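Peer 1: The structure under discussion is supplied below as structure tokens; questions concerning it will follow.
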């Protein structure tokens, strides 16, 4: 079928749907919902068989849904209508939720329902539920919808009222009364957007990234400690960590970057490099050991990696390679990695210098992975990855992915040519011609497509992914493989380093020149500036 994906933005769920449709032979056109005239014009130019909206914040014009079969994916079960669905799920502590695909008519979320799916809800923040449980159920529903489109018998939507909005007044934190549990619930309900509004040390801001703290205690809202960009605040019955803040008309940053000199005198409460998770607190790096396989977890916010985080992760690898036979890079709860930290660079007063430091720290990390010559390395892409995060994974000996994961192996949408040794690792796997095509297209690919072209070695299903990953990792350790790897690295070290040096030569002006396109596109990305038309790569 000819399918238009009508979306507010090309978010993670939309990318999963896009990849599924591409992989199954549909002709797909992405159209951004910017204004009525533009939507109508772009859709009519394509003449679709169906219009489908995985993520949409605007009303669809009548001229579209009366002319073309038009459907939306709604993040709630039958009877749920309107915005704020997931906010209510988190704040009201629902354990079971759902998604539906319904036909668009004049009543908001009131059309006939073609597909229903249910899922169990973890006690996590809103965005994490969206990226994991909801996306998994939604994609399952999308597959059924397109595979059975002509035979589905729809059911009527329930005539229920729209959600009541969850406002800042409704969810405001009362530090003198709210328990740690209540504070976590409030912040989780509005994370990653719009955040809970508050004032910290005289700075008006929204709060994100809340973690329970078990050991530190203090007066309500007293700042007790800082750690790796996060701050710890006392509550009436304990303490919470807040990892990120956002000032009005700005963008999210690690809390210490926002508060800066106001934190003078606040102690840095350090953890071991690899935290053993023996108590509840904020941490970013940890390890699980099983059968001489080390699973290295690095849970960086939104998958972004600052220079300091790259250095810490490199130290983790340097330590672990002495204590295991196989090292598996796991990534985080919501992302594997998305490469360098664009928000910190946008905040920097020395954008060129700090950007250069970040990409070089990323390269040092990738080199450490590439030259782990006494162990086997495996990248576990159980979550999405983009840009430098993809190429960090490709530095491993083997790459495993979970089905329905999406990869974005490109940089150009941010005005960068990229480094992370990608001119060595990507052609080595897919060939020079395919490598250039991926970098130029600036489009996502599915885990299955990545396996088909040789970018990924194995793809496992969701249901038993981690057990299959473990068995795969165990099977890859072999003394002959290690010797061959050592010989290969010794013979090709100069070539590998030359690839990186050439990447950096090309990237140098992208970071240092004031009129670099990178500065403009990074700013638009960080401030979430809406495009005025559908990006050309989709046309």
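The values are calculated or read from the model by the stated rules, or taken from the named source; none is laboratory data. Source: prediction; values computed, not measured. Because the Cβ atoms are built from the backbone with ideal geometry, glycine has one as well, and the counts that use them run over all protein chains shown.
Peer 1: Within region 507-523, which residues are surrounded by 13 or more Cβ atoms within 10 Å (Cβ to Cβ) and not in a helix (DSSP H, G or I)?
Peer 2: 516
Peer 1: I've got another one for you. Condition first: surrounded by 14 or more Cβ atoms within 10 Å (Cβ to Cβ), outside any helix (DSSP H, G or I), within 27 Å of the chain's Cα centre (by Cα) and free of Cβ contacts under 8 Å to residues at least 60 places away in the same chain. Can you find one or more residues in region 456-465 that meet it?
Peer 2: Looking through region 456-465, at least one residue is surrounded by 14 or more Cβ atoms within 10 Å (Cβ to Cβ), outside any helix (DSSP H, G or I), within 27 Å of the chain's Cα centre (by Cα) and free of Cβ contacts under 8 Å to residues at least 60 places away in the same chain.
Peer 1: While we're on this one: If residue 329 meets every condition in (1) touching a residue at least 40 places away in the same chain (Cβ under 8 Å); (2) outside the structural domain of residue 227 (by TED's automatic domain parsing); (3) not in a strand (DSSP E or B) apart from one, which number is that one?
Peer 2: Residue 329 satisfies every listed condition except (3).
Peer 1: Any chance you could count how many residues in region 333-355 are in contact with a strand residue (DSSP E or B) (Cβ under 6 Å, 6 or more places away or on another chain), surrounded by fewer than 20 Cβ atoms within 10 Å (Cβ to Cβ) and outside any helix (DSSP H, G or I)?
Peer 2: Counting residues in region 333-355 that are in contact with a strand residue (DSSP E or B) (Cβ under 6 Å, 6 or more places away or on another chain), surrounded by fewer than 20 Cβ atoms within 10 Å (Cβ to Cβ) and outside any helix (DSSP H, G or I) gives 0.
Peer 1: Still on this model: Residue 496 versus (1) within 24 Å of the chain's Cα centre (by Cα); (2) in the same structural domain as residue 410 (by TED's automatic domain parsing); (3) assigned to a helix (DSSP H, G or I): which is the lone unmet condition?
Peer 2: In the conditions (1) within 24 Å of the chain's Cα centre (by Cα); (2) in the same structural domain as residue 410 (by TED's automatic domain parsing); (3) assigned to a helix (DSSP H, G or I), residue 496 misses (1) alone.
Peer 1: Which residue, of 215, 221, is farther than 17 Å from residue 171 by Cβ and either modelled with pLDDT of 95 or more or not in a strand (DSSP E or B) (or both)? Let's see the steps before the verdict.
Peer 2: Details: 221 fails: farther than 17 Å from residue 171 by Cβ.
So the residue among 215, 221 that is farther than 17 Å from residue 171 by Cβ and either modelled with pLDDT of 95 or more or not in a strand (DSSP E or B) (or both) is 215.
Peer 1: Separate question: Evaluate the following for residue 273: is it over 26 Å from residue 339 (Cα atoms) and either in a loop (DSSP other than H, G, I, E, B) or modelled with pLDDT under 95 (or both)?
Peer 2: no
Peer 1: Need pairs with beta-carbon distance below 8 Å; first residue more than 22 Å from residue 159 (Cβ to Cβ) and within region 111-123, second part of a loop (DSSP other than H, G, I, E, B); sequence gap 6+ or separate chains.
Peer 2: So the pair list comes out as 120/95; 121/94; 121/95; 123/93.
Peer 1: Let me ask another. Quick one: in region 20-31, which of the residues that are in contact (Cβ under 8 Å) with a residue 60 or more places away in the chain and closer than 13 Å to residue 538 by Cα is surrounded by the fewest Cβ atoms within 10 Å (Cβ to Cβ)?
Peer 2: By that ranking, first place goes to 22.
Peer 1: If you don't mind, another one. So which of 426, 469, 504, 489 ends up being in the same structural domain as residue 358 (by TED's automatic domain parsing) and either buried (at least 18 other Cβ atoms within 10 Å of the Cβ) or under 24 Å from the mean Cα position of the chain (by Cα) (or both)? Explain how you work it out, then say what you get.
Peer 2: Numbers: 469 fails: in the same structural domain as residue 358 (by TED's automatic domain parsing); 504 fails: either buried (at least 18 other Cβ atoms within 10 Å of the Cβ) or under 24 Å from the mean Cα position of the chain (by Cα) (or both); 489 fails: either buried (at least 18 other Cβ atoms within 10 Å of the Cβ) or under 24 Å from the mean Cα position of the chain (by Cα) (or both).
Result: 426 is the single residue among 426, 469, 504, 489 that is in the same structural domain as residue 358 (by TED's automatic domain parsing) and either buried (at least 18 other Cβ atoms within 10 Å of the Cβ) or under 24 Å from the mean Cα position of the chain (by Cα) (or both).
Peer 1: Here is a further query. If we scan region 431-441, do we find a residue that is closer than 27 Å to residue 358 by Cα, buried (at least 17 other Cβ atoms within 10 Å of the Cβ) and under 21 Å from the mean Cα position of the chain (by Cα)? Even if it seems obvious, please write down each step before you answer.
Peer 2: Restricting attention to region 431-441, the residues satisfying the condition of being closer than 27 Å to residue 358 by Cα are 432, 435-441.
Keeping just the survivors that are buried (at least 17 other Cβ atoms within 10 Å of the Cβ) gives 435, 438-439.
If we keep only those that are under 21 Å from the mean Cα position of the chain (by Cα) too, we end up with 438-439.
Yes, some residue in region 431-441 is closer than 27 Å to residue 358 by Cα, buried (at least 17 other Cβ atoms within 10 Å of the Cβ) and under 21 Å from the mean Cα position of the chain (by Cα).
Peer 1: Also, I was wondering about something else. Looking only at residues that are in a helix (DSSP H, G or I) and out of contact with any strand residue (DSSP E or B) (no Cβ under 8 Å at 6 or more places or on another chain) in region 60-85, which one is farthest from residue 106 (Cα to Cα)?
Peer 2: Of everything passing the filter in region 60-85, 63 is farthest from residue 106 (Cα to Cα).
Peer 1: Follow-up. Which numbered condition trips up residue 279, out of (1) touching a residue at least 12 places away in the same chain (Cβ under 8 Å); (2) in a loop (DSSP other than H, G, I, E, B); (3) farther than 28 Å from residue 356 by Cβ; (4) touching a strand residue (DSSP E or B) at 6+ places or on another chain (Cβ under 8 Å)?
Peer 2: (4)
Peer 1: Does region 262-270 contain any residue that is part of a helix (DSSP H, G or I) and modelled with pLDDT of 95 or more? Walk me through how you get there before you give the answer.
Peer 2: Quick first cut of region 262-270, residues part of a helix (DSSP H, G or I) only: 262-263.
Next, only the ones that are modelled with pLDDT of 95 or more stay: 262-263.
There is at least one residue in region 262-270 that is part of a helix (DSSP H, G or I) and modelled with pLDDT of 95 or more.
Peer 1: Another one. Taking residue 144 as the residue in question, decide whether it is surrounded by fewer than 17 Cβ atoms within 10 Å (Cβ to Cβ), outside any loop (DSSP other than H, G, I, E, B) and not assigned by TED's automatic domain parsing to the domain that holds residue 15.
Peer 2: It is false that residue 144 is surrounded by fewer than 17 Cβ atoms within 10 Å (Cβ to Cβ), outside any loop (DSSP other than H, G, I, E, B) and not assigned by TED's automatic domain parsing to the domain that holds residue 15.
Peer 1: Being assigned to a loop (DSSP other than H, G, I, E, B), surrounded by fewer than 22 Cβ atoms within 10 Å (Cβ to Cβ) and within 22 Å of the chain's Cα centre (by Cα) narrows it down to one of 57, 94, so name that one.
Peer 2: Answer to the selection: 57.
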